[in-house]
Amino acid sequence: RRPQWHCFPHLPSLLQQAVTMMLAAPSQSVLCKKSSVAGLQAKKTTSAARCARTIKATANTDDLVFPDVPPQSKAAPEGTPKVSPLILPQRPRRNRRSQTVRSAFSETSMSPSNFILPVFVHDGTEDIPIGAMPGVNRLGWQTGLLRDVAEARAAGVNSVVVFSKTPDHLKTSTAEEAFNPDGLAQRTFRLLKSKFPDLEIYTDVALDPYNSDGHDGIVRDDGVIMNDETVHYLCKQAVSQAEAGADCVACSDMMDGRVGAIRSALDCAGFTDVSIMSYTAKYASAFYGPFREALASAPVEGAGNRIIPPNKKTYQQDPGNYREALREARLDEQEGADIMMVKPAGAYLDIIRLLRDNTTLPISAYQVSGEYAMLKAACERGMLNEEDAVLESLLSIRRAGADLILTYYAKEAAKWMDQ
């Protein structure tokens with residue numbers, strides 16, 4: 001609306017007088033502003049002097065010298081075409097332009113707490129090198145093992161999985177040594193807990209290190225791997241490991257129903273707090289060769305009329321199968337598994353992601369002996385930078401969805417990450 005000037009007959013003349021006065025002299029607000037600026041400048045000078053005195057009293061003058069950074073040339077190499085900038089609403093490279101930005105937007109993190117160190121032990125004192133795994137040894141259970149575990153803990157890795165090398169004279173076709181309370185594995189767990197009470201100890205529940213036939217289960221004369229009878233012994237093995245101090249029993253045997261049976265056996269024995277890590281998707285892989293050398297646990301030839309399967313394909317999964325892993329995962333979760341594993345890791349990243357997307361349970365993945373051996377061989381020949389290649393391989397396993405990674409590089413990776 002228009003102002004109703006007739007209601008204020010003297011207002012126009014008053015406005016004219018006010019404008020005339022403003023033009024004739026500086027306004028009070030301008031004067032106030034000038035005085036405020038002067039006051040701020042005085043305060044600034046005083047603060048600067050005070051700051052200079054403080055710095056002079058508390059710091060070396062050399063510390064305040066900031067060298068000039070030479071300007072970086074932005075000249076393009078000769079022959080670069082001159083083009084008009086592309087009109088792009090999105091340029092993803094803007095989010096990769098500096099280390100600060102890349103770190104801020106990183107989607108996958110990794111720390112030593114994500115690693116589990118596999119260790120091989122034998123009933124001796126010396127370190128015995130494993131030919132197919134350079135840098136990895138069978139460790140004396142009272143000597144080299146304690147040294148390596150202490151070193152791993154110092155680097156931030158506080159989880160180990162123990163594999164024991166059973167002497168041949170203790171192996172039988174029914175593998176009773178697996179649940180011997182004074183067996184090498186059980187003695188090792190007790191020793192580790194006495195030396196490192198807060199160490200997280202994972203075990204291996206399977207019969208192959210103790211089985212003279214080299215299989216994870218009891219082999220019938222016609223070559224059939226007996227499922228339910230094997231599960232009975234696996235339960236006894238798991239309970240004996242829990243009694244010796246294991247925090248988590250890891251069943252690698254791939255027998256049907258073993259997770260539920262082991263859960264019941266542990267609970268009945270009073271070990272309700274002992275976890276189960278199931279080898280949910282363990283594939284019949286060619287990458288296990290060096291491991292079987294380490295424990296001398298490969299299948300043997302049958303004697304007389306006995307048939308010993310030359311591989312483990314009747315209980316480990318077909319490398320070409322995807323949906324089968326989901327079936328195994330659903331069964332393991334129903335039966336009481338606390339952690340589900342994929343083995344091997346590097347060639348099965350899609351299976352890690354499959355399990356990650358279909359369960360709320362933690363996922364572990366085993367970077368197996370063959371993967372380790374390949375990386376070592378390429379790095380020793382100068383084909384790869386070991387630190388970069390190893391950390392990238394482990395990060396890819398984390399990116400696929402693994403919460404835990406079993407890797408022979410656990411100690412080295414933890415140290416590299418700390419540098």
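The values are calculated or read from the model by the stated rules, or taken from the named source; none is laboratory data. Being a predicted model, the structure only gives us computed values, none of them experimental. With ideal geometry, Cβ positions are generated from the backbone for all residues, glycine too; neighbour counts draw on all protein chains shown. For accessibility, only protein heavy atoms count, side chains too; no ligands or nucleic acids. Shrake-Rupley method; radii C 1.70, N 1.55, O 1.52, S 1.80 Å.
Semi-axis lengths, largest first, of the ellipsoid equivalent to the stretch 301-377 are 27, 20, 11 Å, with √(5λ) applied to each eigenvalue of the Cα gyration tensor. Summarising the label geometry, the points placed 7 Å from Cα in the beta-carbon direction at ALA347 and SER73 lie 5.0 nm from one another.
At a 10 angstrom cut-off on C-beta neighbours, averaged per residue, how do the peptides 194-202, 74-82, 388-396, 91-99 rank from highest to lowest? Could you put the intermediate results ahead of the total?
Numbers: 194-202: 14.8, 74-82: 6.0, 388-396: 16.9, 91-99: 9.0.
With the highest mean Cβ count within 10 Å placed first, the list reads 388-396, 194-202, 91-99, 74-82.
Separation of the stretch 268-340 and the stretch 388-414 by C-alpha centroid, Å? Cα centres, the stretch 268-340 to the stretch 388-414: 22 Å. Placing dummy labels 7 Å off each Cα toward the beta-carbon, the span from ASP221 to ALA303 is 1.5 nm. The aspartates and glutamates within cross-link reach of LYS282, meaning a Cα-to-Cα straight distance under 16 Å and a gap of 8 or more places when in the same chain, are ASP204, ASP208, ASP216, ASP253, ASP256, ASP318, GLU324, GLU328, ASP332, GLU333, ASP350, GLU371. Ignoring ligands, DNA and RNA, what percent of the 1.4 Å accessible area of the stretch 72-184 is carbon and sulfur? So the carbon and sulfur contribution to the accessible surface is 53 percent.
Tally Lys and Arg at +1 and Asp and Glu at -1 over the other residues with C-beta under 12 Å from the C-beta of VAL390: what net charge comes out? Could you put the intermediate results ahead of the total?
On the way: positive: LYS376, LYS411, LYS415; negative: GLU371, GLU386, GLU387, ASP388, GLU392, GLU412.
My count for the surroundings of VAL390 gives -3.
Taking the 1.4 Å solvent-accessible surface of the stretch 205-324 as the whole, the part contributed by carbon and sulfur is 49%.
Please compare each pair in LYS195/LYS343; LYS195/LYS312; LYS195/LYS411; LYS165/LYS312 to a cut-off of 25 Å on the Cα-Cα distance and tell me which ones are over it. The partial results should precede the final answer.
On the way: LYS195/LYS343 30 Å; LYS195/LYS312 37 Å; LYS195/LYS411 19 Å; LYS165/LYS312 20 Å.
Violating the 25 Å Cα-Cα cut-off are LYS195/LYS343; LYS195/LYS312.
The stretch 198-234 and the stretch 66-126 have their alpha-carbon centroids 46 Å apart.
Fully extending the segment from ARG147 to ASN385 would add 83.0 nm, taking 0.36 nm per residue of separation and subtracting the current Cα-Cα distance.
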